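All remarks here apply to the structure that follows.
Just so it is clear, none of the values below were taken in a lab; they were calculated from the coordinates. This one's a predicted model, so the numbers in the text were calculated from it and none came from an experiment. Please note: Cβ atoms are built from the backbone with ideal geometry, for glycine as well, and neighbour counts cover all protein chains shown.
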Amino acid sequence: MSLADELLADLEEAAGEGEGEGGEGEEEEPPIEDVREEAPPDGAGDSVKSIAKLWDSRTVGAGTPKPAGFAPKWFAEIMEKIEEYITKQPKAAEVLGPVEAAPEYRVIVDANNLTVEIENELNIIHKFIRDKYSKRFPELESLVPNALDYIRTVKELGNSLDRCKNNENVQQILTNATIMVVSVTASTTQGQALSEEELGRIQEACAMALELSGARLRIHEYVESRMSFIAPNLSLILGASTAAKIMGLAGGLTPLSKMPACNIMLLGAQRKTLSGFSSTSVLPHTGFIYHSDLVQTLPPDLRRKAARLVAAKCTLAARVDSFHESPDGKVGFELKEEIERKFDKWQEPPPAKQVKPLPAPLDGQRKKRGGRRYRKMKERLGLTEIRKQANRMSFGEIEEDAYQEDLGFSLGHLGRSGSGRVRQTQVNEATKARISKTLQRTLQKQNVVYGGKSTIRDRSSGTASSVAFTPLQGLEIVNPQAAEKKVAEANQKYFSSAAEFLKVKGERSGSPGPPPTP
């Protein structure tokens with residue numbers, strides 16, 4: 001049997017069971033056409049009481065069923081208990097043991113839930129007033145965006161829009177700049193005057209909204225005064241309202257102290273239906289702690305990190321409060337200071353980058369051999385004077401390039417003074433290049449005479465020959481070495497180091513002198 005056949009069989013069985021149950025004498029349900037809702041009385045559909053059910057619950061009797069949309073407690077019952085407990089000062093003996101056992105604890109949780117209902121009711125009433133009053137002054141909605149300020153302004157203005165000028169009550173609600181804009185816009189508005197019946201319904205809705213706002217403020221004061229006594233450390237970190245909310249969702253202070261921090265952070269998270277829209281603006285896994293004032297003061301990129309930190313510290317504070325330790329809130333104060341220090345550390349700018357010198361290079365130690373041989377070698381391999389003068393240049397002067405095609409090449413200070421020619425360098429014997437002994441032996445072998453004149457390597461001209469041409473005899477065979485021999489004998493005679501003077505100047509010409517020495 002296929003999957004489709006199995007599903008069809010199950011549906012047939014379920015249909016058969018339904019028919020069998022319906023045939024056992026049960027009353028048949030009336031058809032849909034016969035079920036009709038009772039029509040509201042005339043004019044009741046335009047009243048604010050037709051949409052706002054919370055305020056009417058204070059006048060409902062004890063046997064009357066509760067209004068739809070408000071399950072925890074009736075508004076009047078909770079407010080009566082709050083007024084009763086406000087007059088009494090709580091005692092430490094009443095809070096011994098589990099906090100959930102205290103009779104006032106349930107009232108605190110219900111009162112905190114009541115503030116949420118009041119907030120929703122105020123939004124409904126604000127929408128009702130805005131829709132009705134847009135007939136008289138449609139531009140007021142965009143000029144006064146705050147809901148309570150809008151309701152107070154509508155109640156004060158009514159049908160006459162000229163009241164916004166020089167009105168002390170309006171000046172307490174709006175700023176001077178807003179009053180000026182409202183008065184200018186009211187003089188040019190296209191709205192129509194309201195009837196007495198319509199204006200009465202709007203005034204009734206405004207009065208109801210202001211009374212609900214006062215009740216909400218009263219509940220906040222009560223919850224703050226009691227939460228600072230029941231859970232002082234937790235209230236010091238989160239605030240009394242947020243602390244009461246997470247305690248109500250956790251089921252009490254004792255279950256809250258047993259929860260891990262990751263679960264406390266998710267208390268109050270709401271899953272939104274996107275309906276096909278983008279999920280960019282949706283914040284998953286964000287509860288009451290994320291939306292508390294302590295976390296919302298930070299930039300958006302740090303809020304998730306801050307919520308995790310605050311949830312961890314709230315777990316510690318809840319465990320301290322569950323054992324009734326530190327009733328003065330000292331532990332909560334220390335934990336909040338630690339949280340604020342970390343917040344400041346996250347937001348402080350990075351340290352300024354310091355300019356540090358470059359580290360010493362990791363070059364190996366070079367050989368530094370000293371002595372006479374090393375100094376002589378440095379003298380031989382050092383820069384010559386020509387190279388030093390060529391490397392030297394004067395800044396800010398236009399130099400004559402050595403080559404017109406290569407700009408930037410110059411001779412520096414070389415040849416600046418004098419005729420401009422480069423003089424021949426004077427050879428320093430100390431720095432003269434030395435010839436090794438192997439090279440000296442090679443040169444001596446090359447100077448050895450092995451035969452005739454053609455093998456003699458001397459300084460004689462390459463055109464020297466034994467055949468000479470003379471104008472008298474023509475071609476004549478001469479001996480070139482004989483002429484050189486005569487020159488050598490003459491030099492020996494007149495320029496020899498051992499020769500004596502041939503003639504002494506002081507001798508008389510008549511007296512014969514000593515014979516010349518050969």
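Just how many % of Cα pairs in region 288-403 lie over 21 Å apart, if you round to the nearest whole percent?
Within region 288-403, distances greater than 21 Å cover 70 percent of Cα pairs.
Past the 21 Å Cα-Cα mark, which pairs from K245/K336; K49/K245; K127/K155; K81/K313; K313/K345; K53/K88?
Too far apart for the 21 Å limit: K49/K245; K81/K313; K53/K88.
What number, in percent, do you get for the relative contact order of region 99-195 if the mean sequence gap of Cα pairs under 8 Å and at least 6 apart is divided by its residue count?
Relative contact order, region 99-195: 30 percent.
Is the shape of region 215-338 rounded, prolate or oblate, going by the alpha carbon gyration tensor and its root eigenvalues a ≥ b ≥ c, with a/c under 1.5 for rounded and a/b larger than b/c for prolate?
In terms of gyration-tensor shape, prolate.
Any chance you could tell me what percent of the C-alpha pair distances in region 107-234 go past 20 Å?
Tail fraction, whole percent: 51.
What is the sum of charges around V295, taking Lys and Arg as +1, Asp and Glu as -1, for the other residues whose C-beta is under 13 Å from the C-beta of V295?
Here the count lands on +4.
Within 12 Å, Cβ to Cβ, of T315, how many net charges do the neighbouring residues add up to if Lys/Arg are +1 and Asp/Glu are -1?
Surrounding charge for T315 is +3.
Quick check: net charge around M208, other residues with Cβ under 9 Å of its Cβ, Lys/Arg +1 and Asp/Glu -1?
Result for the local shell: -2.
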